[in-house]
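Report on one structure; see the data block that follows.
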Amino acid sequence: MVDLTRAKSRIPATILVLIAVQAFCAVFFVGDVLADLRDVGMGSLAELHFGIETIATLSLVAAIVIELQVLLRLLRRKAHLEHSLHIAGAAVQAVIDAHFDAWALSPSERDVATFLVKGLSTAEIAQMRGNAEGTIKAHLNAIYRKSGTRSRSDLLSLIIDSLMTRDASAGTPEAAEQPHPVTGFQDPGTTRS
């Protein structure tokens, strides 16, 4: 399998190397154009070869500037998206933690529930925790009982519904007066003065 993280981190480095090679070539060609201009004088601008060489050199310099601007814009966008993803992940985790608090899960049950939400099977959870599958099943039964659900899919639906319900109503007048269904707090950004 291809490691996408390493492949993505090589892309800006590869582009920077290509830009550096282009910059080296641009310096060479600018020097060549200036030398031709110095040797032959302004009359050389009328020559087709010299005109094409000058246009190509200026185009190369312009391309380097544009490539650097685009690369910087893409890197800023990537950083913004990564930051947004981190914030969204933290918000989802806060909702999940609020559910776990409301259900009064023990530390072991929280651990098992976290693995459950991440999509691990009972056997995988047992292996990760170093427990027997029977122990994990006992924790799962306690989690289902405390959450008022009957299965993994019911539990996940409950958590996802709480995320979607809040997102769907955000920004409406009713949302301003309604506490979050899990945390019980009003959204400070929507409260009326």
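The values are calculated or read from the model by the stated rules, or taken from the named source; none is laboratory data. Keep in mind that what you see is a predicted model, and the values were worked out from it rather than measured. Neighbour counts run over all protein chains shown; Cβ positions are idealised from the backbone, glycine included.
Could you pull out the residue among Ala62, Ala35, Ala104, Ala26 that is over 24 Å from Leu140 (Cα atoms), over 29 Å from the mean Cα position of the chain (by Cα) and touching a residue at least 12 places away in the same chain (Cβ under 8 Å)? Walk me through it before giving the result.
Values: Ala62 fails: touching a residue at least 12 places away in the same chain (Cβ under 8 Å); Ala35 fails: touching a residue at least 12 places away in the same chain (Cβ under 8 Å); Ala104 fails: over 24 Å from Leu140 (Cα atoms).
Sole residue among the options that is over 24 Å from Leu140 (Cα atoms), over 29 Å from the mean Cα position of the chain (by Cα) and touching a residue at least 12 places away in the same chain (Cβ under 8 Å): Ala26.
Report yes if Ile55 is in a helix (DSSP H, G or I) and out of contact with any helix residue (DSSP H, G or I) (no Cβ under 9 Å at 6 or more places or on another chain), otherwise no. Yes.
Against the list (1) at pLDDT below 95; (2) in the same structural domain as Leu155 (by TED's automatic domain parsing); (3) within 18 Å of Tyr144 (Cβ to Cβ), the condition Val112 fails is (1). Go over the candidates Leu155, Leu140 one by one and state the one that is hydrophobic (A, V, I, L, M, F, W, C), more than 30 Å from the chain's Cα centre (by Cα), crowded, with 17+ Cβ neighbours inside 10 Å and at negative phi. Going through Leu155, Leu140 in turn, the sole match is Leu140. Of everything listed in (1) outside any helix (DSSP H, G or I); (2) under 29 Å from the mean Cα position of the chain (by Cα); (3) charged (D, E, K, R), the single unmet condition for Arg150 is (2).
Among the residues of region 84-94, is any under 30 Å from Ala142 (Cα atoms), touching a residue at least 40 places away in the same chain (Cβ under 8 Å) and not assigned by TED's automatic domain parsing to the domain that holds Leu156?
Start the filter on region 84-94 by keeping residues that are under 30 Å from Ala142 (Cα atoms), which leaves 88-94.
Next, only the ones that are touching a residue at least 40 places away in the same chain (Cβ under 8 Å) stay: 92, 94.
Those still in the list that are not assigned by TED's automatic domain parsing to the domain that holds Leu156 too: 92, 94.
Yes - at least one qualifying residue is present in region 84-94.
Considering Arg110, Arg77, which residue is of a type in the set (Lys, Arg), exposed (fewer than 13 other Cβ atoms within 10 Å of the Cβ), free of Cβ contacts under 8 Å to residues at least 24 places away in the same chain and assigned to a helix (DSSP H, G or I)? Walk me through how you get there before you give the answer.
Numbers: Arg110 fails: exposed (fewer than 13 other Cβ atoms within 10 Å of the Cβ).
It is Arg77.
Does at least one position in region 130-137 carry a residue that is touching a residue at least 40 places away in the same chain (Cβ under 8 Å), in contact with a helix residue (DSSP H, G or I) (Cβ under 6 Å, 6 or more places away or on another chain) and surrounded by 15 or more Cβ atoms within 10 Å (Cβ to Cβ)? For region 130-137, residues touching a residue at least 40 places away in the same chain (Cβ under 8 Å), in contact with a helix residue (DSSP H, G or I) (Cβ under 6 Å, 6 or more places away or on another chain) and surrounded by 15 or more Cβ atoms within 10 Å (Cβ to Cβ): absent. Residues in region 108-126 include at least one that is touching a His at 6+ places or on another chain (Cβ under 7 Å) and acidic (Asp, Glu).
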